[in-house]
Amino acid sequence: MKRGYRYRIYPNKEQQILLEQHFGTVRFVYNRSLLIKKLMYSKFKINVSEIDLNNNLTSLKELHPWLKDINSQSLQQANKNLLTGFKNFFEGNGRYPTRKNKRNNDFSFQVPQNYQINLTTSKIYLPKIGWIKIVLHRDFLDKEVIENELVTKEVNGELILDQKLNRKLDIFKTLTVSKTSAGRYHVSILIDDHVPEPIPVEFNENTTVGIDVGIKSFAILSSGEVIENPKFLKKSLMKLKKLQKEVSRKQKGSKNRKKAIAKLAKHHQLIANQRNDFQHKISMKLISENQALVTENLNVSGMIKNHKLAQAISDVGWSEFIRKLTYKAKWYGKTILQIGRFDASSKLCNICGYKKDDLTLNDRGWECSSCKTLHDRDVNAAINIKNIALNNLNTVGTTGRACGLTGVGQRNEARSH
Ligand SMILES: [Zn+2]
């Protein structure tokens, strides 16, 4: 099973410059390859491959010699990521790849090989950059692996973990370097412990939960349980607005404005951390309490049109939450089912199937005019989400255990009419 381990690193001034160069250049190559891929297809119907793009790097380097200062594996990785993006898109698992830019906070690059970690002095070696201070707050390897020197070596009495020693065991996968908007640097190391993923646990109606995105609360479950947004997050978001105003009040280019911007960035970081912790807790709780979990495949960009809802959706960071839920499900042998976005989910009575066409966003509760059930709008929607996913499994003819559907790619046409 593969798991990512994230650590904060503290590059010095010179290393920061090198890291920035890597971020920028990887972005440049990615965007360039995206352009080539699109152009070649639209003009000549040619499907450019990863090898083509990597070959093109050579001529790109002649044109822009500064590309040679960058770890070439990181550049090739940008091409790989781009093609993975296209593959995912065509398989229905992601959005069409778009340009990366600073504004979207695209500050990351990957190092597939040749990194080292000095466990004695807590430093990490990245090719073309050097040894950077790292805070290793938790172990990612069994002591046994280290003690038997399977992936480590001793140099001048210091214990060094070397990705190169890893060829046989193949434990260390790609490393990702990233920077947050507040200017913190992290590395995330992907580790494969070669323990197979658990076989998905069987599930039925009673052990499956439907999860609906809340507007006021974080989420609503088909069991009727409401998961509130934590109070501290609300407070932080209020303070965020205040800090944003302060920035706009200060004169452009002034020292005070710079200070206000730094304060704002720091606060963004705080909110990101708080949200991250909260999402970890909630996803863990849902995974441990249920065998299968159903969510709507939200088209977040489509929702941005509805301004109020957009605010709510981006605030809860829903897609990031689904991501956490999905990988935790894999770890614990649970199943994630997704159903397509269907507008009628809140309009359908989960008891008799009557559709209340005139239900508006402001109607929090309603009575079914056919079977007279009183519905809470959101709980009813969550139950529908669950029922549609389970019905869908039956109609697609999956008999017996309905596992193997962990794939979030299960895009369904579970639209109810
Ligand atoms: Zn009804």
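Summary of computed values
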{"read-out": "Reach of LYS61 by Cα under 24 Å, taken over lysines that are not fewer than 8 positions away in the same chain", "value": "LYS37, LYS38, LYS80, LYS100, LYS102, LYS128"}
{"read-out": "Whether region 2-192 is rounded, prolate or oblate, judged on the alpha carbon gyration tensor where a/c under 1.5 counts as rounded", "value": "prolate"}
{"read-out": "GNM flexibility winner over the chain from LEU136, LEU19, LEU361 (Cα, springs under 10 Å)", "value": "LEU361"}
{"read-out": "Degrees between helix 255-289 axis and first principal axis of the chain (Cα, 0 to 90, nearest 10)", "value": "60"}
{"read-out": "On Cα atoms only, tilt of 72-90 relative to the major axis of the chain in degrees", "value": "20"}
{"read-out": "Whether region 5-104 is rounded, prolate or oblate, judged on the alpha carbon gyration tensor where a/c under 1.5 counts as rounded", "value": "oblate"}
{"read-out": "C-alpha center-to-center spacing [region 1-35, region 121-195] in angstrom", "value": "16"}
{"read-out": "Accessible area expressed per residue, region 2-192, with surrounding protein chains retained (probe 1.4 Å, Å²)", "value": "57"}
{"read-out": "Region 2-192, relative contact order [Cα under 8 Å, separation at least 6], %", "value": "30"}
{"read-out": "Positive dipole terminus of the chain, leading residue within PHE218, GLN244, LEU83 (C-beta point charges)", "value": "GLN244"}
{"read-out": "Entries in LYS179/LYS263; LYS281/LYS334; LYS68/LYS133 that, when Cα-Cα distance is taken, lie over 22 Å", "value": "LYS68/LYS133"}
{"read-out": "Percent of Cα-Cα distances greater than 19 Å, calculated over region 104-168", "value": "35"}
{"read-out": "Contact order normalised by residue count of region 117-225, Cα under 8 Å, 6+ apart, percent", "value": "14"}
{"read-out": "Highest-first arrangement of 108-116, 275-283, where packing means the average Cβ count within 10 Å", "value": "108-116, 275-283"}
{"read-out": "Hits among lysines - C-alpha to C-alpha of LYS372 under 25 Å, sequence gap 8 or more where chains match", "value": "LYS347, LYS355, LYS356, LYS386"}
{"read-out": "Calculated diffusion of the chain, Stokes-Einstein form, Kirkwood radius summed over Cα pairs, 4 °C and 1.567 mPa s, µm²/s", "value": "53"}
{"read-out": "For region 140-272: rounded, prolate or oblate by the Cα gyration tensor [a/c cutoff 1.5]", "value": "oblate"}
{"read-out": "Ellipticity estimate at 222 nm from DSSP helix runs (n ≥ 4, -39,500 (n - 2.57)) divided over the chain, nearest 500", "value": "-14000 deg cm²/dmol"}
{"read-out": "Antiparallel bridges, percent of DSSP beta bridges restricted to the chain (to nearest 5)", "value": "85"}
{"read-out": "Calculated SAXS-style log₁₀ I(q)/I(0) at q = 0.14, 0.21 Å⁻¹ - region 53-121, Debye, Cα scatterers", "value": "-0.60, -1.06"}
{"read-out": "Rounded tilt (10° steps) of 377-395 against the dominant C-alpha axis of the chain", "value": "80"}
{"read-out": "Carbon + sulfur, % of accessible area of the chain - ligands and nucleic acids excluded, 1.4 Å", "value": "50"}
{"read-out": "Percentage relative contact order, the chain, counting C-alpha pairs under 8 Å, at least six apart", "value": "16"}
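The values are calculated or read from the model by the stated rules, or taken from the named source; none is laboratory data. Computed from a predicted model, the values in this text were never measured in an experiment. Note that we place each Cβ from the backbone using ideal geometry, even for glycine, and neighbour counts take in every protein chain shown. To get the accessible areas, we keep the full protein, side chains included, count just its heavy atoms, and leave off ligands, DNA and RNA. Shrake-Rupley method; radii C 1.70, N 1.55, O 1.52, S 1.80 Å.
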